[in-house]
Structures are given as structure tokens and as C-alpha cells.
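This report concerns only the one structure given below.
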Amino acid sequence: MSQQAQGSTFASASPAGEFALAFYLGCLWPVWSGMASHDQSTVLVALGIGCAITQLVAGIINLHKGNIMGNIMVAFSIFMWYGALEHLGKVQGWIPHNTLVVDGVIFGVMGLVMVILTIPHFTMPKAFAFFMIVTDGFFVPASLFFLTGNTIFKTIAGWDLPLVILTCVYCGTGIMLNTYFGKEVMPMGKPFVTAKA
């Protein structure tokens, strides 16, 4: 069934959402891995706002097309707004610099949501399941870092980010090229599990 036949005449907005997430995490990676100083994460203010808007629009389009997983993009949009506005608030002195416990709980809730939503992705092409698995590999350790202060969790989360970025780029470009050419140009992989009718 063509994407245009699924509830909306819009094409899938998933690639835009994937690319926005890749850009956003491309800013986080050097900071979380220690390659860049923490003050450079202020780039997340402008980048986060742009990416949050893109994620929200992509999620709404996918939901309008009848894709329930569009809710994930809406959740990422909320998360990007939180990151952008928290950084802005800290730079401006509107909120305290130490928000570790609150950040840990927020990351933990997002991690829990992502881990649960990884389950249905095993019935989708493998590329999407891999995206969810590596995304879990960021949120869960990040939450544990904020809550415990143990830097090993920050290191794990930071060096997981390139995997998330690569899967975002692969999934986004794969959807676009496969749709454009009308055939599988970039293999997305058969599902790990076949859903029962």
C-alpha cells in the first residue's frame, strides 16, 4: 500500500524526524563523550528549538497518516524542547545549574517509554529495531548517570550516541530512497519477529 493511501496525501515525515534527531544528538555526542566542553552544549538552545519543531510536525503528519508510532516523534519533540529551554534557562540564570535528580527522572521516564516501545519494533524491519535498541542504550545509562553521578554511565551513553546518529541517518535516508525509487535500494532488513494476524 502506498504511503499516500494511508490517511493523508502527505508523504512519510519520518525521515525529517530522523534527521532532526541526528542533528540534535550530533551536538550532544561531543559533549557527552568528553570531546567538547560542557559550555558548547549551549548550541542545543537554537538547534533544539529547530529540531523540536521538526519532530513535532513529523509526528503530527505521521499520526495523521494513521501511524501510531508518530507518537514517538512527538515525545522526542517534547524532549528537545526540554533540552533547549533547560539550557537557555541555565545560561540565563532562570533555573539552577544543578538539576541532576530531575534530569535523571525525566531521562528515566523517557528510557522506560523507549524500552517498552522497542518491543513492537521487533515486528518492523531490523533497521528500526536497531534504532530503538541503541536509543535505549543512551537513555537508560544517561538516567543512571544523572541519578548516581557514576561517570561510567555517562561514558556509555556518550559513546552510544554515534550508533543512534548512524541509525537515524540510515533509517531516514533508507525510507526516502526506497520510497523514491519504489524498491528497496537500502536494505532495511526483515523483521526479527513476524507479527501474527
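What follows draws every value from the coordinates through simple rules; no lab data is involved. All of these numbers come straight from a predicted model, not from anything done at the bench. We place every Cβ from the backbone using ideal geometry, glycine too, and count neighbours over all the protein chains shown.
On inspection, Met188 does not qualify as under 24 Å from Pro30 (Cα atoms) and buried (at least 17 other Cβ atoms within 10 Å of the Cβ).
If you go through the stretch 6-54 and keep only what is among the hydroxyl-bearing types (Ser, Thr, Tyr) and either in contact with a strand residue (DSSP E or B) (Cβ under 7 Å, 6 or more places away or on another chain) or over 19 Å from Trp159 (Cα atoms) (or both), you end up with Ser8, Thr9, Ser12, Ser14, Thr42, Thr54. Report yes if Gly182 is within 21 Å of Ala11 (Cβ to Cβ) and without any contact (Cβ under 8 Å) to a residue 12 or more places away in the chain, otherwise no. Against the criterion (within 21 Å of Ala11 (Cβ to Cβ) and without any contact (Cβ under 8 Å) to a residue 12 or more places away in the chain), Gly182 qualifies. Applying the set (1) crowded, with 16+ Cβ neighbours inside 10 Å; (2) touching a Lys or Arg at 6+ places or on another chain (Cβ under 6 Å) to His97 leaves exactly one unmet item: (1). Applying the set (1) under 15 Å from the mean Cα position of the chain (by Cα); (2) hydrophobic (A, V, I, L, M, F, W, C); (3) within 30 Å of Ile152 (Cβ to Cβ) to Met73 leaves exactly one unmet item: (3).
Tell me, please, whether a residue that is assigned to a helix (DSSP H, G or I), buried (at least 17 other Cβ atoms within 10 Å of the Cβ) and under 14 Å from the mean Cα position of the chain (by Cα) can be found in the stretch 28-44. Scanning the stretch 28-44 turns up at least one residue that is assigned to a helix (DSSP H, G or I), buried (at least 17 other Cβ atoms within 10 Å of the Cβ) and under 14 Å from the mean Cα position of the chain (by Cα). You will find that of Ile175, Ile165, the residue that is farther than 30 Å from Leu100 by Cα, of a type in the set (Val, Ile, Thr), assigned to a helix (DSSP H, G or I) and in contact (Cβ under 8 Å) with a residue 24 or more places away in the chain is Ile175 and no other.
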